[in-house]
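Peer 1: Quick one: the structure is below, questions incoming.
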Amino acid sequence: MPLDQAHALHQSRLAALQPILGAALPGRARLALEIGCGHGHFLTAYAEAHPEVFCVGVDLLADRLARAGRKSERLGLRNVLWVQAEAALFLEAIPSDVRFGGPVFVLFSDPWPKRRHWKHRVLQPAFLSALASRTLPGATLCFRTDYAPYFAASRQTVDSHPDWRLAPDLPWPFEQPTVFQDRAAGFQSWIAVRK
C-alpha cells in the first residue's frame, strides 16, 4: 500500500475510534486494560470480580469481540468496553486526559517466533513508551506467555525501558485461565511497574 494511502487509512481509523473512546473513558476513576483480549474470558471475569474498575478489552478481530460482548452482556456487566483496534492505534485514540491506573494485561500475545517477524511483537520499545504515556505512575503491566524465548526477550525489553521497572515481588493480580493458558503445557509471567 502506498504511504499516502496507509496514512489516510490510519487517519480514518483514528477518526472513527476517537469518538467512541471520548464518550466512554473520560471521568472514570479506575481503568484497567487488556491488549489482545480474544474472546473475553479473562477480562469478563476480571470485570465481574472488580465492579469498581472500568475495563477495556482491545483486539483486532471483530468475531472475537462479538463473543466477548455476549459474555459480558449475559452477566449484565456495565463496567467493560470491547474495542476493535490495533494496540498502538488504540493508545493514540485515547482522550488526552485519560490515564489507565492498571493493571494492563498482555496475555499470551502472538510470540511471532520467526526472527524476521519479531517486529510484529506487541512488546516493543515504542509500544512501551506509548503505553507509559497513557498510564499513571505505579500502574502495572502484567505479561504472560507460554513461549520461553518471547518471555526472555520481552523481559529484557521492559527491563531496559526508561519508563518501566520489573517488579518480581508483586503477586499476579488476578487468576483466570485464558483459552491459550488452558492449552499451554506451562507459562511464565512478569509484572512491570510504571515509573
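Yes/no per residue for (1) surrounded by fewer than 18 Cβ atoms within 10 Å (Cβ to Cβ); (2) part of a helix (DSSP H, G or I):
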{"position": "GLN156", "(1), (2)": "yes, yes"}
{"position": "HIS161", "(1), (2)": "no, no"}
{"position": "ASP169", "(1), (2)": "yes, no"}
{"position": "TRP172", "(1), (2)": "yes, no"}
{"position": "PRO177", "(1), (2)": "yes, no"}
{"position": "ALA185", "(1), (2)": "yes, no"}
{"position": "ILE191", "(1), (2)": "no, no"}
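Peer 1: While we're looking at this one, here's another question. Regarding the range 95-112, can at least one residue be identified that is under 25 Å from PRO51 (Cα atoms), touching a helix residue (DSSP H, G or I) at 6+ places or on another chain (Cβ under 7 Å), part of a loop (DSSP other than H, G, I, E, B) and not acidic (Asp, Glu)?
Peer 2: yes
Peer 1: Here's a follow-up. Is one or more of the residues making up the range 132-153 closer than 16 Å to ILE35 by Cβ, open to solvent by less than 70 Å² (accessible area, probe 1.4 Å) and in a loop (DSSP other than H, G, I, E, B)? So that I can check it myself, show each step before the final result.
Peer 2: Step one: of the range 132-153, the residues closer than 16 Å to ILE35 by Cβ are 132-135, 139-145, 150.
Filter once more, so that each one left must be open to solvent by less than 70 Å² (accessible area, probe 1.4 Å): 132-135, 139-145, 150.
Cutting the leftovers down to in a loop (DSSP other than H, G, I, E, B) gives us 134, 139.
Taking every residue of the range 132-153 in turn, at least one turns out to be closer than 16 Å to ILE35 by Cβ, open to solvent by less than 70 Å² (accessible area, probe 1.4 Å) and in a loop (DSSP other than H, G, I, E, B).
Peer 1: Kindly state which helices (runs of 4 or more DSSP H) lie completely within the range 1-94 and contain at least 3 residues that are without any contact (Cβ under 8 Å) to a residue 24 or more places away in the chain.
Peer 2: Correct list: 3-24, 62-74.
Peer 1: For a quick check of your reading of the model, give me the residue pairs whose first member lies in the range 139-151 and is closer than 13 Å to ILE191 by Cβ and touching a residue at least 12 places away in the same chain (Cβ under 8 Å), whose second is of a type in the set (Lys, Arg) and open to solvent by 10 Å² or more (accessible area, probe 1.4 Å), with beta-carbon atoms closer than 6 Å and at least 6 apart or on different chains.
Peer 2: ALA139/ARG194
Peer 1: Report, by residue number, each residue of the range 24-42 that is surrounded by 24 or more Cβ atoms within 10 Å (Cβ to Cβ) and of a type in the set (D, E, K, R).
Peer 2: GLU34
Peer 1: For the range 104-130, give me each residue that is open to solvent by less than 10 Å² (accessible area, probe 1.4 Å) and either touching a residue at least 60 places away in the same chain (Cβ under 8 Å) or farther than 22 Å from GLY38 by Cβ (or both).
Peer 2: Matches in the range 104-130: VAL104, PHE105, VAL106.
Peer 1: Could you figure out which of (1) among the hydroxyl-bearing types (Ser, Thr, Tyr); (2) at pLDDT below 95; (3) under 27 Å from ALA29 (Cβ atoms) isn't true of TYR147?
Peer 2: Only one criterion in (1) among the hydroxyl-bearing types (Ser, Thr, Tyr); (2) at pLDDT below 95; (3) under 27 Å from ALA29 (Cβ atoms) is unmet by TYR147, namely (3).
Peer 1: Within the range 49-75, track down each residue that is open to solvent by 50 Å² or more (accessible area, probe 1.4 Å), closer than 18 Å to GLN176 by Cβ and under 18 Å from the mean Cα position of the chain (by Cα).
Peer 2: Within the range 49-75, ARG64, ARG67 meet the criteria.
The values are calculated or read from the model by the stated rules, or taken from the named source; none is laboratory data. It should be emphasised that the depicted structure is a prediction, and the values quoted were computed from it without experimental measurement. For neighbour counting, all protein chains shown are included, and Cβ atoms are generated from backbone atoms with ideal geometry for every residue, glycine included. All accessible areas refer to the heavy atoms of the entire protein, side chains included, with ligands and DNA or RNA removed. Shrake-Rupley method; radii C 1.70, N 1.55, O 1.52, S 1.80 Å.
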